[in-house]
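Report on one structure; see the data block that follows.
The values are calculated or read from the model by the stated rules, or taken from the named source; none is laboratory data. Keep in mind it's a predicted model, so treat the numbers as computed, not measured. When we count neighbours, we look across all protein chains shown, and the Cβ atoms used for this are built from the backbone with ideal geometry, even at glycine.
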Amino acid sequence: MLLAPRKDPVFTKLEYQLNLRDIFLNRSLPQGLAQQLAEALRQRILMQQLAAGSQLPASRQLAVDLKISRNTVNTALDQLRAQGYLQSRTGSGVFVCDHLPQKDLALNREYQRNLQHWPPTSSYGRKLQELAQSSDATDVNANLPFTLGLPDTRAFPHKIWQQLLRRHSDRRSLMGYHCPQGYLPLRETLATYLNSSRGLRCAASQIIITQGAQQALTLAAQVLLNPGDTALIEEPGYLGARKAFASAGARLHPLTLGTNGLDTANLTSPPLVPGADRPASILYCTPTHQYPMGGILPAADRLALLDWAEQQQCWILEDDYDSEFHYYSQPIAAIAGMAEQTPVIYMGSFSKTLMPGVRVGYLVVPKHLAGAFSQAKDFNSGETPLLTQAVVADFVEEGHFVRHLRRMRHLYQQKWEHMRELSEQYLTGLMTPIARSAGMHLALAFTDQTRDDKQLSREFTQKGYGNAPLSAYYHLEAQQKGLVLGFANTTTQERTAGIKALAELLT
């Protein structure tokens, strides 16, 4: 039976979260039960176990839970109301006061206990603490205009999505446990789509469904890297890959970019990395649309990279980022499909093509590694939510996905062209677009490379716009400084106002 929604305007979810049944009242003490209850509630309020503004259970329920009379409960509550700890709201109940009595604030110290020394964390934990302390990240709205990686959710076919969600919401088979590798119908329809659209040669048994691209990176690092192994990364390149490999204890070695992405001419035979005692174990790249610079690796370079990896026994982790959004040419086939068998782990995500909140990504791995990756997924997080997988499967299978991509490709092309026009109109002499006819973002390099792009990034964020400093994508010393702006989630007015605001900051 469905419960009718409560209409009380001051209803708080905390009413159902508070559990006071563990309050112990000793009937053998000379102190009365009402006094004991009042003191127990007062201590919990001072220790902030009962938060300011939270609602207490009804006196009748509290009496049942503590096995005392309702009159005893009301006596205790009346005492705390008189002392300024509780307040009654007509027709709503009893709540903890937002402001405690001034004379009792100092009593908080009675219930505070500070450790002299915290137990130590792991070396990994200490590394994360250092990263958190040095990070420029702030707790801001992550869905601002120009936020990177955020698609146009206004143009998403929400009605169709809701219909599919309702179709599966009462399926009992989706309410229990399932295979950590992923929902089979989704893996089957995804294999068909990738084979036809990206030139892969994969089966459903080779696909691992993940909770987004970052988990895919983490799984690849766990399965393919030992501590001390060398991981080759693009310079500049995606920060998430660096984090995943560093977390696995790998040594990061950046590779320079050419005009069209990774410079394959600079790949050499072992020893590839100075000081390393063995060749690199993995090479991460974004060949379809280099992140963040936007290059598209030609077919000849992809084949050269594949030959090199085979010779050196090095895995390629191919992040097919933005492969669906090429505006003036057809995307080149993925490296993973250029031969019957390749040392390539292929990864993708629905975060950009659908919406980030879906949290569904995928890996395509060689057949002999599917079991290992599935086990890693199981140990890492267990299953990806089944209901979401079922909805995505139908969304792709019934053609909604391809139609949505077609509309988004046309829409994003218009936005990309508008960004170039705005850059020429307002940023000439200040910033230069590093423009490639693909993707959902635009990198802008300073004309004056002595400028501080991190400072500009903070100032632009304060004006209400998302962005990322270009220098943050370099593992070593930044060779270019500027900003990277995502345009997919912006309106015409937001793009115009944002680029004008950026120009004002630069002048």
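A few notes on this one:
- Only residues that are of a type outside the set (A, V, I, L, M, F, W, C) and free of Cβ contacts under 8 Å to residues at least 40 places away in the same chain were counted across the range 492-506, and they come to 2.
- Odd one out for Y291, checked against (1) closer than 30 Å to H158 by Cβ; (2) at pLDDT below 90: (2)
- D139 being within 30 Å of A497 (Cα to Cα) and modelled with pLDDT under 95: yes
- Test: residue in the range 68-75 that is within 39 Å of the chain's Cα centre (by Cα), at negative phi and either aliphatic (A, V, I, L, M) or at pLDDT 90 or above (or both): no
- Of all the residues in the range 420-476, those that are under 23 Å from N260 (Cβ atoms), in contact with a Phe, Trp or Tyr (Cβ under 9 Å, 6 or more places away or on another chain) and assigned to a helix (DSSP H, G or I) number 2.
- Residue in the range 268-277 that is of a type in the set (S, T, Y), in contact (Cβ under 8 Å) with a residue 12 or more places away in the chain and assigned to a loop (DSSP other than H, G, I, E, B) present: yes
- Residue pairs meeting the criteria (Cβ under 8 Å; at least 6 apart or on separate chains; first under 24 Å from D170 (Cα atoms), in the range 371-389; second surrounded by 15 or more Cβ atoms within 10 Å (Cβ to Cβ) and of a type in the set (F, W, Y)): T384/Y183; L386/Y183; Q389/Y183
- For the range 370-381, filtering for residues that are within 22 Å of the chain's Cα centre (by Cα) and assigned to a helix (DSSP H, G or I) leaves 7.
- Reported count of residues in the range 355-369, each being more than 23 Å from the chain's Cα centre (by Cα) and in a helix (DSSP H, G or I), is 3.
- Of Q330, Q341, all but one fail to be touching a residue at least 24 places away in the same chain (Cβ under 8 Å) and over 26 Å from F446 (Cβ atoms); the exception is Q341.
- The set of residues in the range 39-53 being within 15 Å of G93 (Cβ to Cβ) and at pLDDT 90 or above consists of L41 alone.
- Residue satisfying all of: in the range 86-101; aliphatic (A, V, I, L, M) and modelled with pLDDT of 90 or more; farthest from N74 (Cα to Cα) among these: V96
- So S423, is it touching a Lys or Arg at 6+ places or on another chain (Cβ under 8 Å) and more than 22 Å from A203 (Cα to Cα): no
- Residue match in the range 310-324 (condition: assigned to a loop (DSSP other than H, G, I, E, B), among the small types (G, A, S), surrounded by fewer than 19 Cβ atoms within 10 Å (Cβ to Cβ) and in contact (Cβ under 8 Å) with a residue 60 or more places away in the chain): no
- Residues of the range 464-491 classified as surrounded by fewer than 21 Cβ atoms within 10 Å (Cβ to Cβ) and closer than 16 Å to M440 by Cβ, total: 1
- The numbered conditions (1) in contact with a Pro (Cβ under 9 Å, 6 or more places away or on another chain); (2) under 24 Å from P151 (Cβ atoms) are all true for P433 except (1).
- When R420 is tested against (1) under 26 Å from S351 (Cβ atoms); (2) modelled with pLDDT of 95 or more; (3) over 26 Å from the mean Cα position of the chain (by Cα), exactly one condition is not met: (2).
Results for (1) out of contact with any Lys or Arg (no Cβ under 9 Å at 6 or more places or on another chain); (2) surrounded by fewer than 23 Cβ atoms within 10 Å (Cβ to Cβ); (3) among the acidic types (D, E), shown as yes or no for each residue.
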site	(1), (2), (3)
F156	yes, yes, no
L164	yes, yes, no
M175	yes, yes, no
I209	no, no, no
A221	yes, no, no
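- Scanning the range 323-379 for residues that are of a type in the set (D, E, K, R) and within 16 Å of Y193 (Cβ to Cβ) yields a count of 2.
- Looking across the range 436-454 at every residue that is closer than 17 Å to T286 by Cβ and not polar (S, T, N, Q), the one that is surrounded by the fewest Cβ atoms within 10 Å (Cβ to Cβ) is identified as R436.
- Candidate set: the range 423-456, residues that are more than 30 Å from R406 (Cα to Cα) and in contact (Cβ under 8 Å) with a residue 60 or more places away in the chain; chosen: the one nearest to the chain's Cα centre (by Cα): K454
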